[in-house]
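Working notes, structure below.
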Number of protein chains: 2
Amino acid sequence: MQYQAPVDDMMFLVRDVFSLTKRLGHIADFSDFDEDLYHAILEEAGKFATGVLQPINRSGDEEGCHFEDGVVTTPKGFKEAYQAYVEGGWQSITADPNYGGQGLPKALHVLIEEMFYSANTSFCLYGSLTGGATQLLQAHADDATKEKYLPNLISGKWSGSMCLTEAHAGSDLGLLKTKAEPNDDGSYSIEGSKIFITGGEHDMSENIIHLVLARLPDAPAGPKGISLFLVPKFLVNDDGSLGERNGIVCGSIEHKMGIKASSTCVMNMDNAKGWLIGPPHRGLACMFTMMNLERLSIGIQGIGLGEMSYQQANTYANERLQGKATDGEAPAPLIKHGDVQRMLNTMESFNKGGRALGVWLGSYLDVAFHSEDKEAVKVADVMSAWLTPIAKAYFTDAGYETCTIGQQVFGGHGYVREWGMEQHVRDCRIAQIYEGTNGIQALDLVGRKLIGSKGEFLDTFLSEINADLESLPASDHKDKVIRHLSELKELSTTIISKSADKPDMPQLIACDYLHYVALVTYAYLWLKMEVAAKGELDDKSDFFFKRVLPRTLGLKASIESELY
Amino acid sequence: MQYQAPVDDMMFLVRDVFSLTKRLGHIADFSDFDEDLYHAILEEAGKFATGVLQPINRSGDEEGCHFEDGVVTTPKGFKEAYQAYVEGGWQSITADPNYGGQGLPKALHVLIEEMFYSANTSFCLYGSLTGGATQLLQAHADDATKEKYLPNLISGKWSGSMCLTEAHAGSDLGLLKTKAEPNDDGSYSIEGSKIFITGGEHDMSENIIHLVLARLPDAPAGPKGISLFLVPKFLVNDDGSLGERNGIVCGSIEHKMGIKASSTCVMNMDNAKGWLIGPPHRGLACMFTMMNLERLSIGIQGIGLGEMSYQQANTYANERLQGKATDGEAPAPLIKHGDVQRMLNTMESFNKGGRALGVWLGSYLDVAFHSEDKEAVKVADVMSAWLTPIAKAYFTDAGYETCTIGQQVFGGHGYVREWGMEQHVRDCRIAQIYEGTNGIQALDLVGRKLIGSKGEFLDTFLSEINADLESLPASDHKDKVIRHLSELKELSTTIISKSADKPDMPQLIACDYLHYVALVTYAYLWLKMEVAAKGELDDKSDFFFKRVLPRTLGLKASIESELY
């Protein structure tokens, strides 16, 4: 079943819901862009997703990656698709124009990412990691390093990897042991072994630039003794040509539940030559630069797969004849059965709500990275910090639920590989785990963001929404949003005030709290979409408010049970 | 990680919670059995699960079944394990002693099934289908047919399959097209093709007895024109020896998300010789005989996999050191983090609540099939009819959630195949789909059972619980159960009264209603367990009431939104 790029739905967000060009109008970096350009790019991205990426999605899952003697071969067609991806400029969307990037807003990029994740999640991951490496170098490398590495990373000629996790150090990176000893020439010699390295080795790019966390000899224990190093697969000569093979080698690849066409590597470093990026012992702090962007991207994986699953389930529900409808038609298409309608509507509630949040958050990231208005940047930093864990965790939790529902619509046919519905579930599942598990996201939200800021981040979030709500007409849904926001404020205040006396409480409630905030945020965004759609989304919005938003009731009671 | 058969927890239900020997004491068929026997059987079942079934679970998943020229080969070790299964008498637990069965209660059998599903779900399915065929023949075949087929099915020397689904007829069996033409010798010639046939072909038993739904030449259209036929793989001579190969052949096997060691076959019938079982056109009615038993068994799959996932996650959480605990320990075992405690407690809430419901429902099935007390049978029939869709759907929905949580506890290690956590998720997923999708179960509960009986089934359910509640001491939890039962009654009454004017409503709310009733039922059972455990389950019960039961709030609001 061919993917249909939802360009109209996306332009509805860009134009009608968020007025993106106006919203980002004060930013010089974006002054050349207009809605026609955004529309043209989305159209092209949709064609690329449908024409190049989707055709190798299921075959990539069936074949998987191959490993032999340190060499990883991607599935049939991936190399050619990657070449087309590079030629199409898809790696460079948001990158710095000084090094060949297109400098487009993240608020647009999330939509392109969604399409690519819909069409072929495994494929996307290679580029996503390259994007992460690019952002890190843009922010923390010196000019010579940027000149040397950025143009080829931004074009996609070279790819990137992030080497963080070790066997005993996953969520707790403070435990990592990889060592970096200084060489005489200013470089470092790195020894250690990393696991779960996405795109750590593959055959699609000429070189791979690894960003590796390791400890200097004088490093203090724990997370404040970790430094960041650039470790290329092939050393790069001063003229930019590739030199000798570096001592970083893939030891094996993982056999996984899904994303089978994405290589997940054990990377062994034996006297690997690396260069320090950023100050010594500040590697984790450097990482934070890109964390919001990467976490949002991984969240988008959940929406992309949810959208793909929805499109297939919706088509199937309209074609498959089974059972008697309440109007007497028999056999009736599945879509005429109320329980199937409930399933499809639930999927759309999550997909459309999540997509709106992705664009909204993307626009704050754009302000944070590009605006010269200091006050706006301050608000945008807080909003990005607040919304990112919500987006990452809720998009992927809801995406997994959505893909599971889509599979259910297909009945037994959803369980066999042939139809592809089960692959979405398997591919989506990892997004709840990597880039910080969803539990870690929830702790970040409650511990660092809510309690850590003594509620200031929440207040900024509430102010931003309340200011916008003033422009929306009165309605039942608006009343519901206002009531939920006020309940959220009250609940959060209690959590903050009780946290001193109940040190275990924040962890106990974290995941429920994140889901609660996410649903309230979706309610605001559904209201906003409903108003912008002038009647055309009323049924779907109504479904969200009637059937999905009430989950807050159970979450709130569950949280409160740990407060009193 | 080795499976630990939870024999003590199971005997706690058998002895302390349900007093099974007393509960079934009035039934002559069970008069020879006592608690020591039940305990000994559970111990042996645990050893068999751990020693024989679990060791070939992951290898079976990796290897899968092989198909070539109509022949299905099961993974390495399955044939030998099946032989041991037959020799151990594990196929014959509940079967009729007149044909070699052990005639033990279903309330005990569900616990044995749970262990086997925990250890090796794919393996269990072969026997589960044989059990289904056995029950059908016990109930509907004539004596000669019983003599000819039952002893070898009950021993497991022969296996069984249920051939229902066709490519265009899944949930809606009324659409099936397979034809049966009478032969001169009293047999029928059957033509057609069936899909998704579990155990339709394999290499573990000498013969396979297929029970096939087909239409006679004069059959009316729809579900009332379907008859049931016995179609053996090898014809059986009058002396019981195997005769010629029958015209029912496996055309291919499915490649699936999970249960890969269970063969899922396309079965093609070309002049296949079959014998009518039960009256003409009454095939679906015959099926209903075994449906409650089979649906409960498939529900147990969810609990078995949930329990296995819990055991592994719990062990891992106690061993894996990561992060700082609130008491300062660093690195601390995962179990010291509140969010991990929440995950493990949620898993236990579902596993223990579900196990209790399985035994409770099993005991009603025992009364329904074996008691001579007509009034008791009447109540037990209603209770079985009411609880079965709840058990099937909620055990498996909660089982999928539980396996997903267990995988999450392992972080990235949960996503790679090596640790086995992702296999549980994949193996569990099918249980929400087959044996009637969980949507179909919900429609059965709301449409046929609640509205169809004008609330009588619900009243029986409430009376049974209320009568038992009188014997339980006053407590906060008891008050909560009483309040929820009263809300359930009120909500259900409204659903029934509104259903005439709102024909689409029952479908729209069905799944939410089923989850709502399930949670209220679990609350009653958690209260019962808490009382029986005399303080030892208070923390876990408290978790259920505080953190899981509140989901009813959202479900109730969601349902009510379609009522008014």
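We did not get these values from a lab; they are worked out from the coordinates using the rules stated. For clarity, every value in this text was computed on a predicted model and none was experimentally measured. Cβ coordinates were reconstructed from backbone atoms using ideal geometry, including for glycine residues, and neighbour counts include every protein chain displayed.
Please arrange A:ASP238, B:ASP29 by counting, for each residue, the other beta carbons lying within 10 Å of its beta carbon, fewest first.
A:ASP238, B:ASP29
Under a Cβ-only charge scheme (Lys and Arg +1, Asp and Glu -1), can you give me the dipole magnitude of chain A about the Cα centre, in debye to the nearest 20?
So the magnitude is around 1200 debye.
Which three extents, in whole angstrom, do the alpha-carbon atoms of segment B:452-510 cover along their principal axes, largest first?
For segment B:452-510, the Cα spread along each principal axis is 42, 20, 15 Å.
Treating only the Cα positions of segment A:1-128 as identical point scatterers, give the base-10 log of I(q)/I(0) from the Debye formula at each q in 0.11, 0.20 Å⁻¹.
-0.43, -1.13
How many nanometers, to one decimal and shortest first, lie between the label point of A:PRO97 and those of its other copies, if labels sit 7 Å from Cα toward Cβ?
The projected label point of A:PRO97 is separated from its counterparts by 8.9 nm.
Would you compute, from DSSP H runs of 4+ residues alone, the mean residue ellipticity of chain A at 222 nm, taking -39500 (n - 2.57) per run and dividing by the full residue count, rounded to the nearest 500?
Computed ellipticity for chain A at 222 nm equals -17500 deg cm²/dmol.
Quick one: which of A:LYS556/B:LYS480; A:LYS534/A:LYS556; A:LYS498/B:LYS336; A:LYS502/B:LYS534 span more than 26 angstrom between C-alpha atoms?
Result: A:LYS534/A:LYS556; A:LYS502/B:LYS534 exceed 26 Å.
Could you tell me, in Å, what Rg and Dmax come out for the Cα atoms of segment A:322-410?
19.7, 63
So how long is each side of the protein assembly as shown along the principal axes, counting just the alpha-carbon atoms, biggest first, in Å?
Dimensions of the protein assembly as shown along the principal axes of its Cα atoms: 90, 60, 56 Å.
Looking at the P(r) of segment B:114-257, how many percent of alpha-carbon pairs lie beyond 20 Å?
50
Which order results if B:CYS403, A:CYS250 are arranged by neighbouring Cβ count within 10 Å, fewest first?
A:CYS250, B:CYS403
Between A:GLU319 and A:SER241, what is the label-to-label distance in nm when each label sits 7 Å out along the Cα-to-Cβ direction?
Distance between the two pseudo-spin positions: 5.4 nm.
For segment A:158-285, how many pairs of lysine residues have a Cα-Cα distance under 29 Å, where the two are 8 or more positions apart or belong to different chains?
21
Between segment A:104-147 and segment A:269-326, what is the separation of their alpha carbon centroids in Å?
What the calculation gives is 12 Å, centre to centre.
When you have a sec, figure out the Kirkwood radius of chain B from all distinct Cα pair distances and drop it here in Å to one decimal?
Result for chain B, one decimal place: 24.3 Å.
Can you list the copy-to-copy distances for A:SER189, using a point 7 angstrom from Cα toward Cβ, in nanometres, shortest first?
Label-point separations across copies, in nm and ascending: 8.4.
At most 10 other Cβ atoms within 10 Å and a DSSP loop assignment: could you name the GluC sites (Glu not before Pro) in segment A:200-271 that fit?
Passing sites in segment A:200-271 do not exist.
Which trypsin sites (Lys or Arg not before Pro) from segment B:466-564 combine a DSSP loop assignment with at most 10 other Cβ atoms within 10 Å?
B:LYS534
I'd like the antiparallel share, as a percent to the nearest 5, of DSSP beta bridges with both residues in the protein assembly as shown.
Approximately 80 percent, going by the DSSP bridge assignments.
Mind jotting down the distance between the C-alpha centroids of segment B:1-71 and segment B:511-550, whole Å?
24
Whole number please: convex hull volume per residue of the Cα set in segment B:450-564, in Å³?
Hull volume over Cα atoms, normalised by residue count, gives 88 Å³.
If we count other beta carbons within 10 Å of each Cβ, what is the order of B:CYS286, B:CYS511, fewest first?
B:CYS286, B:CYS511
For A:LYS47, which inter-copy label distances result when the label point lies 7 Å beyond Cα on the Cα-to-Cβ vector, reported in nm to one decimal and in ascending order?
Nearest to farthest, the other copies are at 7.1 nm.
Filter the trypsin sites (Lys or Arg not before Pro) in segment A:231-287 down to the DSSP loop ones having no more than 12 other Cβ atoms within 10 Å, then list what survives.
none
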